[in-house]
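Undergrad: My questions all concern the structure below.
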Amino acid sequence: MFTKLLFTAGLIGLVYLGIRTRLRPTPPARSRAAAPSRLPRLAAWALIGLMLLISSVILFFEWREDYRIVELRVINTNTGNSQSYRAHKGDVEDRRFVTVDGLVVTLADVERLEMGAPEAH
């Protein structure tokens, strides 16, 4: 997730440098009637703002989804016994998860994990 922010910031920096180098002041010999249009510059800033807004919205939804509480069921395939846990969705990894209470659970080879539907807030 941090790399997405870093990539977006780098892209914005490159666009800013590109705009800045193209819009260097010209000699004052030009008349006011021949002044360049401000529309491309405004369009570039609008595009940068739109990119920041979209990136922020995506990051917010990913963050919100990672902190959603889900029901987990660990099932031992040999005995059929099962145990239920609650954890944040972002804390569930391959064969390991951290419960809401802070308990770290690592699954054995004979156990499988079922993730239930996220709880509604």
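Undergrad: Can you tell me which residue among PHE2, PHE7 is aromatic (Phe, Trp, Tyr), more than 30 Å from ALA117 (Cα to Cα) and modelled with pLDDT under 90?
TA: So the residue among PHE2, PHE7 that is aromatic (Phe, Trp, Tyr), more than 30 Å from ALA117 (Cα to Cα) and modelled with pLDDT under 90 is PHE7.
Undergrad: In addition: Only one of (1) in contact with a helix residue (DSSP H, G or I) (Cβ under 9 Å, 6 or more places away or on another chain); (2) at pLDDT 90 or above is not met by LEU23, so which one is it?
TA: Of (1) in contact with a helix residue (DSSP H, G or I) (Cβ under 9 Å, 6 or more places away or on another chain); (2) at pLDDT 90 or above, only one is false for LEU23: (2).
Undergrad: Going through segment 63-98 one residue at a time, which ones are of a type in the set (S, T, N, Q) and either surrounded by fewer than 13 Cβ atoms within 10 Å (Cβ to Cβ) or in contact with a His (Cβ under 9 Å, 6 or more places away or on another chain) (or both)?
TA: Scanning segment 63-98 gives THR77, ASN78, THR79, ASN81, SER82, GLN83, SER84.
Undergrad: Just one of ILE54, ILE75 is at pLDDT 90 or above, in the same structural domain as THR106 (by TED's automatic domain parsing) and either of a type in the set (A, V, I, L, M, F, W, C) or touching a Ser or Thr at 6+ places or on another chain (Cβ under 8 Å) (or both); which is it?
TA: Going through ILE54, ILE75 in turn, the sole match is ILE75.
The values are calculated or read from the model by the stated rules, or taken from the named source; none is laboratory data. Bear in mind the structure is a predicted one, so any value in this text is a computation, not a measurement. Note that we place each Cβ from the backbone using ideal geometry, even for glycine, and neighbour counts take in every protein chain shown.
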